1. Could you identify the single residue in 107, 118 that is more than 22 Å from residue 217 (Cβ to Cβ) and open to solvent by 90 Å² or more (accessible area, probe 1.4 Å)?
2. For the stretch 145-169, give me each residue that is more than 18 Å from residue 207 (Cβ to Cβ), in contact (Cβ under 8 Å) with a residue 60 or more places away in the chain and hydrophobic (A, V, I, L, M, F, W, C).
3. Hey, can you tell me all the residues within the stretch 132-148 that are within 30 Å of residue 183 (Cβ to Cβ) and either in contact with a Cys (Cβ under 8 Å, 6 or more places away or on another chain) or surrounded by fewer than 18 Cβ atoms within 10 Å (Cβ to Cβ) (or both)?
4. For residues that are at pLDDT 95 or above and open to solvent by 50 Å² or more (accessible area, probe 1.4 Å), tally how many sit in the stretch 37-57.
5. Search the stretch 209-229 for residues that are small (Gly, Ala, Ser) and pair each with any residue that is at pLDDT 95 or above when their beta-carbon atoms are under 6 Å apart and the residues are at least 6 apart or on different chains.
6. Return the total of residues in the stretch 190-221 being open to solvent by 10 Å² or more (accessible area, probe 1.4 Å) and among the hydrophobic types (A, V, I, L, M, F, W, C).
7. Quick one: would you say residue 207 is basic (Lys, Arg), closer than 28 Å to residue 45 by Cα and in contact with a helix residue (DSSP H, G or I) (Cβ under 7 Å, 6 or more places away or on another chain)?
8. Can you pull out the residues in the stretch 56-92 that are assigned to a loop (DSSP other than H, G, I, E, B) and of a type in the set (A, V, I, L, M)?
Amino acid sequence: MPTHCRQRRLLPALFFALALAGCSDDSAQKKPPAQAPDQAKADAVIPVGQGFDFYVLSLSWSPTWCDDNDPSGKTGQCKIGSNRGLIVHGLWPQNDRGYPDFCPTRQSDRVPETLGRQYLDLIPSMGLIGHQWRKHGTCSGLSQQDYFAVTRAARERVVLPEELSTPRRENSLSVSAIEAGFVARNPGMTTNAVAVTCEDKRLEEIRICFDKGLNFRPCPEVDRQACRRDTVILPPAS
């Protein structure tokens, strides 16, 4: 075959291949980058409650509660070997002055076990899950599903200080050091957005304040109810 004939046949094929390559490059450029899991969580839509001013996430030091309420370890929360430190006590709708509770709602008072069991890793008792819904969740303006979803989202926003890992022996910490530890690990949190409460000399709860979009926010009234001791004892996890 003459050389010029071969060239005429090759040129259209070459242009077609280049056109395909150009399309592939364009589509690759237009494809959005994959989100990291943490970023995807941060961008997730938070159901917005109504009828209150802000949230308080209450984290309870489980060994203190178990010492007072279930020293023999009969419940799942206090069972020997459960090794629980801070657990979610609840997510509380709060007003700048006072707080609502046991609000009228069209939602059921009872939390279905199929829903509650999804949150036992945070709130290790179906009884406590039901109580938190009836007393606090009913005042959130949210459905049961959304209220507990926001509870999990709030807990996932908080990074615990290393000092509050579940100790196997009794420890003591200053209240100011506990607050400073939370502030250091959680960008945007200030000391007036976190409060430490105590039961006698023991750590009872850590209370952290969020706006309805789950951004940290100051809460002077909650802060005023904080422990007045300089140091608290952390009973060991069992």
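The values are calculated or read from the model by the stated rules, or taken from the named source; none is laboratory data. Here the structure is a predicted model, which is why all the values come from computation and not from measurement. With ideal geometry, Cβ positions are generated from the backbone for all residues, glycine too; neighbour counts draw on all protein chains shown. Surface accessibility is based on the protein's heavy atoms, side chains included, excluding ligands, DNA and RNA. Shrake-Rupley method; radii C 1.70, N 1.55, O 1.52, S 1.80 Å.
1. Details: 107 fails: open to solvent by 90 Å² or more (accessible area, probe 1.4 Å).
Checking each option against the conditions leaves just 118.
2. Listed by number, the list holds a single entry, 149.
3. 135, 139, 146
4. Going through the stretch 37-57 one residue at a time, the tally reaches 4.
5. The qualifying pairs are 226/195; 226/196.
6. Adding up the residues that qualify gives 2.
7. Values: basic (Lys, Arg): yes; closer than 28 Å to residue 45 by Cα: yes; in contact with a helix residue (DSSP H, G or I) (Cβ under 7 Å, 6 or more places away or on another chain): yes.
Against the criterion (basic (Lys, Arg), closer than 28 Å to residue 45 by Cα and in contact with a helix residue (DSSP H, G or I) (Cβ under 7 Å, 6 or more places away or on another chain)), residue 207 qualifies.
8. 80 - this is the single residue of the stretch 56-92 that is assigned to a loop (DSSP other than H, G, I, E, B) and of a type in the set (A, V, I, L, M).
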